[in-house]
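Participant: One structure coming up, written as structure tokens, with questions to follow.
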Amino acid sequence: MSKTITFAIMHFSIAFAVTYLITGNFILGGVIAVVEPAVNTVGYFFHEKLWQKMNKVQPPANIAEFTHPA
């Protein structure tokens, strides 16, 4: 859990710093630091669903099964 918390802090900090450095706006930096990780979390959820769907078709365990199916 500590790793997850420190990663979240790092993510928020980077999002804030990049936005603040580009815009010079403290408020906008804070808003982006909250919104961007939230949007990324939703995107990650759908990415995982798609990834699971794509990986349901597994290749054969060995090449012999692939070249000479039963």
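The values are calculated or read from the model by the stated rules, or taken from the named source; none is laboratory data. Nothing here was measured: the structure is a model prediction, and the numbers come from that model. All Cβ positions, glycine included, derive from the backbone under ideal geometry; neighbour counts span all protein chains shown. The accessibility values were calculated without ligands, DNA or RNA, using every heavy atom of the protein model including side chains. Shrake-Rupley method; radii C 1.70, N 1.55, O 1.52, S 1.80 Å.
Per-residue answers, yes or no, for (1) at pLDDT 90 or above; (2) at positive phi; (3) open to solvent by less than 100 Å² (accessible area, probe 1.4 Å):
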| site | (1), (2), (3) |
| --- | --- |
| THR19 | yes, no, yes |
| GLY29 | yes, no, yes |
| PRO37 | no, no, yes |
| ALA70 | no, no, no |
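Participant: Could you give me the residue pairs with C-beta distances under 6 Å whose first residue belongs to region 25-39 and is in contact (Cβ under 8 Å) with a residue 12 or more places away in the chain, whose second residue is assigned to a helix (DSSP H, G or I) and of a type in the set (Gly, Ala, Ser) wherever it lies, and which are 6+ apart or on separate chains?
Facilitator: These pairs meet every condition: ILE32/ALA15; ALA33/ALA15; GLU36/ALA15.
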